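Participant: Starting off with a structure, shown below.
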Amino acid sequence: MDAGLAAVLAAGITAAVSLAAVWGGFLVARLNVKAMRQQIQDQAATEHAHWLRDRRADACLRYIEQGTATLLALDAAEETADAAAVPSGATMPQRHDLHGQTRDRLYNDLTGAMAALDTAVSEIRLVAPALVDAAKGFQVEVQDYVRAIARDLSIRMVPESRPGAEPLDGEVWEESRRQMEATLRHFTDSAATLLATVPTVHEPRTAARTLGGRR
């Protein structure tokens, strides 16, 4: 082999080695970038999971506070209804007018609490769908209770509007109230169980993104 050919072969070998080194470096760099990307994604998912649990805790606390406030509003509404009385000798139109005024006051007094409770349920639906049934259960019982108050008011003030109907007795009211309190406690217990663990990193993030956009 002459010197020229040897030089060419040596140069080719050197180039191949250099190319292999470059390619190896490229692969290492690519693997490093991929690992860094995965690390960033994992960190972002973990941060999101903690953020979602914090939002759930806030929503659950607001719901419980509003549920308690709604029970107090119901107490005030019941006092309003119980205090309503038809004057002796009142004519039918007078009784109907008085009933309408009392009923309107009853609903007006409860409008704020009922609307706030509906907002609290909607927030639970967004961030903690697993608790929606428990949240809605209490809301439905509250709505039924309000209708029962209005029904009793009609029977007492304009009995001809509900022929043959009788007012509910005290035991029924007490049982309904105990049931609402028990349902609100059930929601509280369910929320505590849910919040005891951090959401999984694979949990859908649609609701969280929706709330995130409002912040």
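The values are calculated or read from the model by the stated rules, or taken from the named source; none is laboratory data. If you're wondering where the values come from, they're calculated on a predicted model, not measured in any experiment. Because the Cβ atoms are built from the backbone with ideal geometry, glycine has one as well, and the counts that use them run over all protein chains shown. Please note that ligands, DNA and RNA were not included when accessible areas were found on the heavy atoms of the full protein model with its side chains. Shrake-Rupley method; radii C 1.70, N 1.55, O 1.52, S 1.80 Å.
Participant: How much net charge surrounds residue 115 when only the other residues with a Cβ under 14 Å from the Cβ of residue 115 are counted, with Lys and Arg +1 and Asp and Glu -1?
Facilitator: Residues near residue 115 contribute -2 overall.
Participant: Can you tell me the length gained on complete extension of the stretch residue 186 to residue 58, counting 0.36 nm per residue apart and subtracting the Cα distance?
Facilitator: 44.3 nm
Participant: P(r) for segment 54-203: what percent of alpha-carbon pairs falls in each 10 Å bin, starting at zero?
Facilitator: 11, 35, 26, 16, 8, 3, 1, 0
Participant: Could you work out the local net charge near residue 76, counting Lys and Arg as +1, Asp and Glu as -1, over the other residues with Cβ closer than 12 Å to its Cβ?
Facilitator: Values: positive: 105; negative: 75, 78, 79, 82, 109.
Local net charge: -4.
Participant: Tell me, what is the 1.4 Å probe accessible area of residue 147, in Å² to the nearest 10?
Facilitator: In the full protein context, residue 147 sits at about 130 Å².
Participant: With the dipole of segment 67-108 worked out from charges on the C-beta (+1 for Lys and Arg, -1 for Asp and Glu) around the Cα centre, which of 107, 93, 81 lies farthest toward the positive end?
Facilitator: 93
Participant: Taking 7 Å along the Cα-to-C-beta vector as the label spot, tell me the residue 148-residue 50 distance in nanometres, rounded to one decimal.
Facilitator: Each label point is offset 7 Å from its Cα along the Cβ direction, giving 4.6 nm.
Participant: Next up: How much net charge surrounds residue 90 when only other residues with a Cβ under 14 Å from its Cβ are counted (Lys, Arg +1; Asp, Glu -1)?
Facilitator: 0
Participant: What's the FRET efficiency of residue 165 with residue 75 using the Cβ-Cβ distance as r and R₀ = 30 Å, to the nearest 0.05?
Facilitator: With R0 = 30 Å, the Cβ-Cβ based efficiency is 0.80.
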